[in-house]
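The values are calculated or read from the model by the stated rules, or taken from the named source; none is laboratory data. Being a predicted model, the structure only gives us computed values, none of them experimental. Note: ideal-geometry Cβ built from the backbone for every residue, glycine included; neighbour counts use all protein chains shown.
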Amino acid sequence: MRVPRYRGRSTPALDTHRRLAVLQRLFTDTSIELSDRVAGCLVLLYAQPLARIRTLTTADLDQRDDGTWIRLTRHHVPLPEPAGTLATTLAARARRNLNTMHNPSSPWLFPGRAAGHPVQAEQLGERLARLGITRVGRLGALNALVAEIPAPVLGQLIGYSPNIIAEHARAQGVDWATCAALKSRETNH
């Protein structure tokens, strides 16, 4: 018996201009809850799925001399400013659901209503969708990333299978196999 391989759905991606406009709003609009601003930045900067965002802990943030870094997988990636400041502020003093008797010392960056548990992905998704941050935005971020970073490296950094990233890059017309040869030619001319 042959089982057809899942190819994913063809969903439109948020274009770069609109993705950057939403990011700018997250960076500057203080009327948006801080946890939603940080989660939205992770979606629109690093194409992070909500199931992964919800499991981040305060220990996943690393303040260094060169800025704030966040561990999305085994590796840390830099959080550009002002996203880094937003994330460290969230971790230090502005997380949701900490005012209950059972949750004041929660390790989760995005604590849930139930003590000891992170926020539910569905709940976080509903809040972000009200801000216009959906799967379309995550795919827009992924498009931007595959155009800049080779698939195997990107997959390791943001927690995606290198094969999935390579397929996505091919679908976008990005061929990293010839990148080294092209770069070599550029520097020799």
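Look at the stretch 39-58: where a residue is in contact (Cβ under 8 Å) with a residue 12 or more places away in the chain and among the polar types (S, T, N, Q) and a partner is assigned to a loop (DSSP other than H, G, I, E, B) and surrounded by fewer than 23 Cβ atoms within 10 Å (Cβ to Cβ), sitting 6+ places away or on another chain with Cβ atoms under 8 Å, you get 48/72; 48/159; 57/107; 58/107. Residues of the stretch 58-70 that are surrounded by 15 or more Cβ atoms within 10 Å (Cβ to Cβ) and assigned to a strand (DSSP E or B): 61, 67, 68, 69, 70. Would the stretch 59-69 turn up any residue that is of a type in the set (Val, Ile, Thr) and touching a residue at least 40 places away in the same chain (Cβ under 8 Å)? No, the conditions are met nowhere in the stretch 59-69. For the stretch 14-47, the set of residues classified as buried (at least 23 other Cβ atoms within 10 Å of the Cβ) and in a loop (DSSP other than H, G, I, E, B) consists of 14, 47, listed by residue number. Considering only residues in the stretch 81-124 that are within 15 Å of residue 36 (Cβ to Cβ) and among the basic types (Lys, Arg), the one that is modelled with the lowest pLDDT turns out to be 96.
Checked against (1) over 13 Å from the mean Cα position of the chain (by Cα); (2) modelled with pLDDT of 95 or more, residue 45 meets all criteria but (1).
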